[in-house]
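Any read-out appearing in this document is the output of simple, stated calculations on the displayed coordinates, not a laboratory observation. Because the structure is a prediction, the values reported are computed rather than measured. Neighbour counts run over all protein chains shown; Cβ positions are idealised from the backbone, glycine included.
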Amino acid sequence: MHNLKSAIIASAKGPATQTETGTFIRTYCFKPDFTGFSGHFPGYPILPAVVQVFTILSMAEELKGRSLELISIVKAKFHIEIHPGQDVRIEYREGTIQEKLSIESTITVSDGVASSLLAIISEKE
């Protein structure tokens, strides 16, 4: 997982920004040799859903400056395939669900919303 996390961080196209409403935004571009495409699928690479979730979590960890743990995925939808070389824009905001820390995120590509996620997380000590 450490290699994947390093590869995700290296794929960022600049620093994250925060909007006035508290949403964090960062753009990534996953090159054809990005380790997250490995085996998914030979000859037709698609960014796996689990890598999309891990990218959101990695972005949140980097911005918070501490490790986070995914407790549960409340809702996830995957609409558009993400392929190598596409600009991938991640937006997320923190919130609470039943008094637990949560992340609500949207991943967009040029064709529109690729995926959305609502997850409960916790901060590791």
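Give me the orientation-averaged projected area of the Cα convex hull of the stretch 2-123, in nm², one decimal. Working shown, then result.
Numbers: hull surface 29.9 nm².
Dividing the Cα hull surface by four gives the mean projection, 7.5 nm².
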inquiry  = Springs between alpha-carbon pairs under 10 angstrom, Gaussian network model over the chain: which of Ile97, Ile82, Ile46 fluctuates most?
reply    = Ile97
Rounded to 10°, Cα long-axis angle of helix 49-64 versus longest principal axis of the chain = 50 degrees
remark   = In deg cm²/dmol, rounded to the nearest 500, the helical mean residue ellipticity at 222 nm of the chain, built from -39500 (n - 2.57) for every DSSP H run of length 4 or more, is -6500 deg cm²/dmol
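As an exercise, use a Förster radius of 35 Å and the Cβ-Cβ distance of Thr19 and Tyr44 to find the FRET efficiency, rounded to the nearest 0.05. Please list the in-between numbers first.
Details: r = 35 Å, r/R0 = 1.00.
After rounding, the FRET efficiency stands at 0.50.
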key: Sequence-distant lysines (8 or more away, or on other chains) whose Cα lies within less than 22 Å of Lys75   = Lys100
